[in-house]
Amino acid sequence: LNISDSGRGLRIEVEMEDISGWGGAEDTELRLQVPADASLSASGVSADVRITGSRGESVFAESVSGDVDVRADCQRLELKSVSGDLDFAGSADRTSAEAVSGDVTLVGVDDDLEVSLVSGDLELDATVGGEPGQSVTGAMDVNSLVQFVLREAYMENTKHLHFYAQKVRFYNELK
């Protein structure tokens, strides 16, 4: 477990010691208790991300291969998943949700809303024009969808290359 000061807040990172093989590491569960009014940013790779009870100004949560589940009351909400479901309940003034392969459920968001889905279902309970519980539908912009998929594919490949570079560095240090 590495804890450092990023200049904007604390950064807490779980690093696996044994990276010698696929699936060889045990599961890790990290539970943090932070002030309810703290803004949060959480991300995971092959991990679920769960945030509950936040009342901070902003909440950012993402996972590359896992579900994202947030229960919060915030002004800005940003959720991302490459392969996993996004689930939000609470209240959010401004919301952005992107999922490549997974379902998206948003309950309690205002109409300042941006949702991108490639493959999955959308369940939405939003406040539209001051009236809660309105259903929202919209046309899909194909150019935006293609740009999103290309950007996510690039980011996914970059993460994989970084992982392999760390592995090579680790084995070179063993020599």
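Annotations for the structure displayed:
- Evaluated against (1) loosely packed, with under 13 Cβ neighbours inside 10 Å; (2) modelled with pLDDT under 55; (3) within 23 Å of the chain's Cα centre (by Cα), residue 121 falls short on exactly one condition, (2).
- For the stretch 38-85, a residue qualifies if it is small (Gly, Ala, Ser) and open to solvent by 70 Å² or more (accessible area, probe 1.4 Å), and the qualifying residues are 41, 43, 46.
- Residues of the stretch 148-170 that are open to solvent by 70 Å² or more (accessible area, probe 1.4 Å), among the charged types (D, E, K, R) and closer than 26 Å to residue 97 by Cβ: 151, 159.
- Here the stretch 104-118 is the region considered, the condition is being of a type outside the set (A, V, I, L, M, F, W, C) and more than 16 Å from residue 50 (Cα to Cα), and the residue that is surrounded by the fewest Cβ atoms within 10 Å (Cβ to Cβ) is 114.
- Condition check for residue 37: at pLDDT below 90, part of a loop (DSSP other than H, G, I, E, B) and of a type in the set (D, E, K, R): no
- Applying the set (1) over 16 Å from the mean Cα position of the chain (by Cα); (2) closer than 30 Å to residue 172 by Cα to residue 47 leaves exactly one unmet item: (1).
- Whichever residue in the stretch 2-34 is at positive phi and surrounded by fewer than 10 Cβ atoms within 10 Å (Cβ to Cβ) and, among such residues, is modelled with the lowest pLDDT: 23
The values are calculated or read from the model by the stated rules, or taken from the named source; none is laboratory data. On a predicted model such as this, the values are computed, not experimentally measured, just so you know. We place every Cβ from the backbone using ideal geometry, glycine too, and count neighbours over all the protein chains shown. To get the accessible areas, we keep the full protein, side chains included, count just its heavy atoms, and leave off ligands, DNA and RNA. Shrake-Rupley method; radii C 1.70, N 1.55, O 1.52, S 1.80 Å.
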